[in-house]
Amino acid sequence: MASPAQRQLAASIGSLTRWSRITSAEARKATLAPARIARLRQWERQADPQGVLPPDELAAAVQRLKTAHYRRMALASAKKRAAPPSSK
């Protein structure tokens, strides 16, 4: 069984290889469009589970959720960088 580090390295190699074959920005954008749409729908369901908000309010709520999400990630990253190195 591969270690987490080995799995991460293998995934990175696969990703880099795949994206090396898609050379134009338009092709990359088109390739990622379904994932981008799915993620937006996920944010929308989280912001408005009942589906009752008007589009402008929904967009604002989604933006706030995204901002909070990325700030949580930044905080976790800052804590990790500030932590003393772990000894193995």
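What follows is calculated from the coordinates using simple rules that are stated; it is not laboratory data. Model, not experiment: these values are computed from the prediction. Heads up, the Cβs are rebuilt from the backbone with ideal geometry, glycines too, and the neighbour counts pull from every protein chain shown.
See the values below:
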quantity	calculated
Given (1) surrounded by 10 or more Cβ atoms within 10 Å (Cβ to Cβ); (2) outside any helix (DSSP H, G or I), number of the condition A2 does not satisfy	(1)
Count of residues meeting criterion [under 30 Å from T17 (Cβ atoms) and of a type in the set (G, A, S)] in the range 28-73	4
Tally, over the range 20-37, of residues that are small (G, A, S) and either assigned to a loop (DSSP other than H, G, I, E, B) or surrounded by 10 or more Cβ atoms within 10 Å (Cβ to Cβ) (or both)	4
Tally of residues being under 28 Å from V62 (Cα atoms) and of a type outside the set (D, E, K, R) across the range 1-39	10
Number of positions in the range 44-53 that are of a type in the set (S, T, N, Q) and within 20 Å of A68 (Cα to Cα)	1
Those residues of the range 1-43 which are in contact with a helix residue (DSSP H, G or I) (Cβ under 6 Å, 6 or more places away or on another chain) and under 24 Å from Y70 (Cβ atoms), in sequence order	W43
Top-ranked residue of the range 46-88 - restricted to ones that are hydrophobic (A, V, I, L, M, F, W, C), assigned to a helix (DSSP H, G or I) and more than 16 Å from the chain's Cα centre (by Cα), ranked as surrounded by the fewest Cβ atoms within 10 Å (Cβ to Cβ)	A82
